[in-house]
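First comes the structure, then the notes that go with it.
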2 protein chains.
Amino acid sequence: MTRLFNDPATFTEDMLAGFLDANSTYVVGVPGGVVRASETPAGKVAVVVGGGSGHYPAFCGVVGRGFADGAVVGNIFTSPSAQEAASVARAAHGDAGVLLITGNYAGDVMNFGLAVQQLRNEGIDARYLPVTDDIASASPEESAKRRGIAGDFTVFRCASAIAEEGADLDTVEQVAAKANAATRTLGVAFDGCTMPGADRPLFTVADGTMDLGLGIHGEPGVSSHQMPTAAELAELLVSGVLTEKPSGATDRIAVILNGLGRTKYEELFVVWKTVAERLAASGHTVVQPEVGELVTSLDMAGCSLTVMWLDDELERLWTSPADTPAYRKGAVTAVTDARRADVADQATAARVAEADEASQASGALVAQGISAIAAQMVKAESDLGRIDAVAGDGDHGRGMVKGTSAAAAAAAAASAGHAGTAGVLTAAGEAWAAKAGGTSGVLWGAALSAAAGRLGDRGKPSDRDVAEALRAGHDALATLGGARKGDKTMLDALGPFVESFENEVNAGTDWRTAWLASVDVAQKAAAETAELRPRVGRARPLAERSVGTPDAGAISLAMCIHIVADLIEEKK
Amino acid sequence: MTRLFNDPATFTEDMLAGFLDANSTYVVGVPGGVVRASETPAGKVAVVVGGGSGHYPAFCGVVGRGFADGAVVGNIFTSPSAQEAASVARAAHGDAGVLLITGNYAGDVMNFGLAVQQLRNEGIDARYLPVTDDIASASPEESAKRRGIAGDFTVFRCASAIAEEGADLDTVEQVAAKANAATRTLGVAFDGCTMPGADRPLFTVADGTMDLGLGIHGEPGVSSHQMPTAAELAELLVSGVLTEKPSGATDRIAVILNGLGRTKYEELFVVWKTVAERLAASGHTVVQPEVGELVTSLDMAGCSLTVMWLDDELERLWTSPADTPAYRKGAVTAVTDARRADVADQATAARVAEADEASQASGALVAQGISAIAAQMVKAESDLGRIDAVAGDGDHGRGMVKGTSAAAAAAAAASAGHAGTAGVLTAAGEAWAAKAGGTSGVLWGAALSAAAGRLGDRGKPSDRDVAEALRAGHDALATLGGARKGDKTMLDALGPFVESFENEVNAGTDWRTAWLASVDVAQKAAAETAELRPRVGRARPLAERSVGTPDAGAISLAMCIHIVADLIEEKK
């Protein structure tokens, strides 16, 4: 378990502060993460990696010469926000474009995808690649749905090394895609890890067994096995990965035997003995293997085997020098790049449009509602995390607390600055998306912003305005998330609620009464997500495992609707 | 717990095979451990580090340029034998002498001390230094009794770096001593680790508490505390270490915040944040700190803070380049040294003196006895380990199994080769000392060899011969171990047994009857060691903690005496 922390809510910030102090010759902090201490030289493509934290050395530990130019650092096991990704990419960018790479997780894909759009709007040539090496997470036919685990390392490494050689952005992107296509990982877990401050592990594995294909955030595996010997495990991993040898691949391979945190070096070497024998017996030549901790999951017990099939180019890149806080290899030329000037805080003040008095009054009520939601989320955090851990990575409670508290603070500030309904909602949405991280934060942010657009900053919203704002929020969320009805997402609670609300308003009911009348609809729909099977955004095995447990996002949405209803009752 | 292994009895060998394969550009295996893959150049002092395994990267992970020339690799938490230490030192030695360094543990001090004598007899200028950085293990007045923990790393590093610069052996030894005198460590543990194949942890720490000063093999700490926050822990460690600032020290310091295996990087960085603040506030300048896993204890939960106060020389050495499997820093000059030729297996066949028929028959009986002992030790292993874990490092059962099984095999081979009493006992003693590792192996080896010298290879030993052989064994053990009656060692069981045996024989009893009559004396004496307090070879806190538990070495000795008695009964 994770034992050492101060306030669990500031764990990532505290971790980052310590990391930056200990590695000040390599890295400096910027909003959202870290970049190299030296300026990105003219003509050099920047490679920015990232994702949630808790995986050290991934991701901030590999920022440095021959490796990444920057790392976006989310909360533990939680995607950073699009704002954070864009902020780090902006700081790392020189003048030759930037490639962003993460593992293939719904939250990362969404946030880094949005960041790329934002960067392009600013005139920065930005690209994005999600790594899909985990062969246990989807079938070969659906390899694009696979998660990224320790294979992140080989892909990051090759893309970064060719960028260091001076290749242009197209080439860096192609090499990253080639490395990803050549990389396969199979992992096992023996026991779970505990998030800072949590009172129980994120997940457990039954004593004396191991779970094949279990994800690095505890996502369920594909099968459970009796605990094998080291040699049996080596056989299982080698034969599993070699089954997926890409057609036309050579017999030269880069290999990583990666420990997840509690499976230690001595054990890994015992396993490696047989891995090396089996790989040699299968006719492969192993090039500079890595046996150690490269992509961890706090103190999770388990390990994974990654193979990247090499061509001449990938072999040159894999064996090239690197000099970073946590990964060093060969002799890196002495650093002559200019040391980075102090990085200005790029946070911008929330824009507040002029609002009339009626709208300011509505805005104050909105701020009050968001504040009530934030207070309730603190109490609901661990329950939401537990529900989310069944099918996901258990970060939903944390994300809702971070998102709603940031939103409440931003809304209060906007309201104090005389913002109207739209101004308050926009400030809240932006803060929520920026601070929550993960998938839900950016979706809530988009929904609030869309609703704000419909409500405006003039006058008191009519019943129909509120109905249209809800619909606009719903549609923005559906469009951005790409989910459909029945996909087991928050949309499955929001859709029936908005429909019911519209029906009531259309029948002449005022919006407050319509809201009260629709609360039960939302709660029932949220509970009923327990019986749904997810279609997109998650690897297939999860569908089976999550049946019987509702979707955490739907549940928290229904809670928010209920909290607003309580406020309406109070004010009656 | 340690989950991945094949046969727990071959864990270290399997680990070493995997380590050597994965790091073949850096290291090659030799009997007893590893040396650099390149030859030690003419004029360069060799630095050989070592101790038990289970501490990776210590010790084999730091063999390479700018660091150690060789590492002696014992079993998990068990000292290598003197033969192993000498073997690695011989292979690492160029022509300029060799410095051996270990942490200050009784087994290491004895075995490496013997190795140094042996090397000197062969004409190799060899020196030995035990590291004593653990301030919790003895008072400042008795600093020479302190254990070596993560401070091993700073001392190894500085000694190795000056050797790499081309300094002579006197200088290398002086620098090692200076680095040791300037280094202080304070550690804490939150939970124990489990040896491969063991059915329970080596030790435990009560839930929600931490043990201050707990050793890296689970040696008891000095005080128990409620689990602190990361910041509180940082305060405790910094203030504890700074209390011991050497007089006249500068304010420039090398610092290591070391994780023991399950306390992960993110947690260490959170602690480091406050450590860095406190060190700065105390007026210190931290030079290139290390925050990570450098000296581990399998998957033990805990961490330690090491400070080495720097002068110009130590700072130059601490910041110099290194290129090893597990620790790399700066740019090391391209390797041009000759690659080492295949290292010949230096194991020598047991010497077998010519023996007459009567002595051959006695030798066969001796071999049978040792075989019976070896079989029983397998059954007693976990009990002995548990007893030993109360006051020591829990390795006694494993050591007895490895030692007696090697001794039984060697004795059987010698007997099959027509060796007599002395030949069989000598072969058994040498194998025991070579393979058991730890403290007890070398003592048993010395005792058997001394007894062999008295019995010879001619004729059937008389009753008086046996009595004199036992006394010779007793004296050899007492001389080598340096223990006295009442020090809570195996001597406290052997002494009363030999005395009783001598009295019986002096009274005219035959040796078999004398043995049977003395078994109870040995067992009673072994049990009574529970009430003794150890005087030497262990840090003081252990004395209190071990009261009430007998000495594991005394217990296993009494068991061996009992097994021989059973055989005598059978043959009657």
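The values are calculated or read from the model by the stated rules, or taken from the named source; none is laboratory data. Keep in mind the model is a prediction, meaning the values are calculated, not measured. Virtual Cβ from ideal backbone geometry, glycine too; neighbours counted across all protein chains shown. Protein only, heavy atoms only, side chains kept; ligands, DNA and RNA dropped before computing areas. Shrake-Rupley method; radii C 1.70, N 1.55, O 1.52, S 1.80 Å.
Values as computed for the structure displayed
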quantity: Given (1) touching a Phe, Trp or Tyr at 6+ places or on another chain (Cβ under 6 Å); (2) surrounded by fewer than 24 Cβ atoms within 10 Å (Cβ to Cβ), index of the condition B:Ser160 fails; calculated: (2)
quantity: Tabulated pairs, segment A:132-157, first open to solvent by 10 Å² or more (accessible area, probe 1.4 Å), second polar (S, T, N, Q) and in a helix (DSSP H, G or I), C-beta under 7 angstrom, 6+ apart or interchain; calculated: A:Thr132/A:Ser143; A:Thr132/A:Asn180
quantity: Residues satisfying the stated conditions in segment B:54-77, i.e. within 13 Å of chain A (Cβ to nearest Cβ) and part of a loop (DSSP other than H, G, I, E, B); calculated: B:Gly54, B:His55, B:Tyr56, B:Pro57, B:Ala58, B:Phe59, B:Gly64, B:Gly66, B:Phe77
quantity: Qualifying residue in segment B:432-442 (condition: on the phi > 0 side of the Ramachandran plot and outside any helix (DSSP H, G or I)); calculated: yes
quantity: Failed criterion for A:Ser462 (all others in (1) among the hydroxyl-bearing types (Ser, Thr, Tyr); (2) at pLDDT 90 or above; (3) buried (at least 21 other Cβ atoms within 10 Å of the Cβ) hold); calculated: (3)
quantity: Residue in segment A:17-32 that is away from chain B (no Cβ under 14 Å) and surrounded by 24 or more Cβ atoms within 10 Å (Cβ to Cβ) present; calculated: yes
quantity: Options A:Glu266, A:Glu244, A:Glu235: the member that is facing chain B (nearest Cβ under 10 Å) and either within 10 Å of A:Val307 (Cβ to Cβ) or part of a helix (DSSP H, G or I) (or both); calculated: A:Glu266
quantity: In segment B:273-293, residue farthest from the chain's Cα centre (by Cα) [restricted to those that are assigned to a helix (DSSP H, G or I) and either under 13 Å from B:Val307 (Cβ atoms) or away from every other protein chain (no Cβ under 11 Å) (or both)]; calculated: B:Ala281
quantity: Residue in segment A:271-283 that is touching a Cys at 6+ places or on another chain (Cβ under 9 Å) and of a type in the set (Val, Ile, Thr) present; calculated: yes
quantity: Filter result for A:Ala389 (touching a Leu at 6+ places or on another chain (Cβ under 8 Å) and modelled with pLDDT under 90); calculated: yes
quantity: Qualifying residues in segment B:215-231 (those that are away from chain A (no Cβ under 14 Å) and assigned to a strand (DSSP E or B)) - the one surrounded by the most Cβ atoms within 10 Å (Cβ to Cβ); calculated: B:Ser224
quantity: Some residue of segment B:112-126 being surrounded by 23 or more Cβ atoms within 10 Å (Cβ to Cβ), at pLDDT 95 or above, under 17 Å from the mean Cα position of the chain (by Cα) and closer than 20 Å to B:Ala391 by Cα; calculated: no
quantity: Residue within segment A:299-306 that is at positive phi, open to solvent by less than 10 Å² (accessible area, probe 1.4 Å) and more than 8 Å from chain B (Cβ to nearest Cβ) present; calculated: yes
quantity: Whichever residue in segment B:479-494 is part of a helix (DSSP H, G or I) and surrounded by fewer than 20 Cβ atoms within 10 Å (Cβ to Cβ) and, among such residues, is modelled with the lowest pLDDT; calculated: B:Leu480
quantity: Meets criteria (within 14 Å of another protein chain (Cβ to nearest Cβ), buried (at least 23 other Cβ atoms within 10 Å of the Cβ) and assigned to a helix (DSSP H, G or I)) for B:Gly51; calculated: no
quantity: Yes/no for B:Leu257 being open to solvent by less than 10 Å² (accessible area, probe 1.4 Å), within 14 Å of another protein chain (Cβ to nearest Cβ), free of Cβ contacts under 8 Å to residues at least 60 places away in the same chain and part of a strand (DSSP E or B); calculated: yes
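Yes/no matrix, rows are residues, columns are (1) in contact (Cβ under 8 Å) with a residue 24 or more places away in the chain; (2) open to solvent by less than 40 Å² (accessible area, probe 1.4 Å); (3) farther than 25 Å from A:Gly148 by Cβ:
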{"position": "A:Ala380", "(1), (2), (3)": "yes, yes, yes"}
{"position": "A:Ala391", "(1), (2), (3)": "yes, yes, no"}
{"position": "A:Lys402", "(1), (2), (3)": "yes, yes, no"}
{"position": "A:Ser405", "(1), (2), (3)": "yes, no, yes"}
{"position": "A:Ala410", "(1), (2), (3)": "yes, yes, yes"}
{"position": "A:Ala413", "(1), (2), (3)": "yes, no, yes"}
{"position": "A:Ala416", "(1), (2), (3)": "no, no, yes"}
{"position": "A:Leu425", "(1), (2), (3)": "yes, yes, yes"}
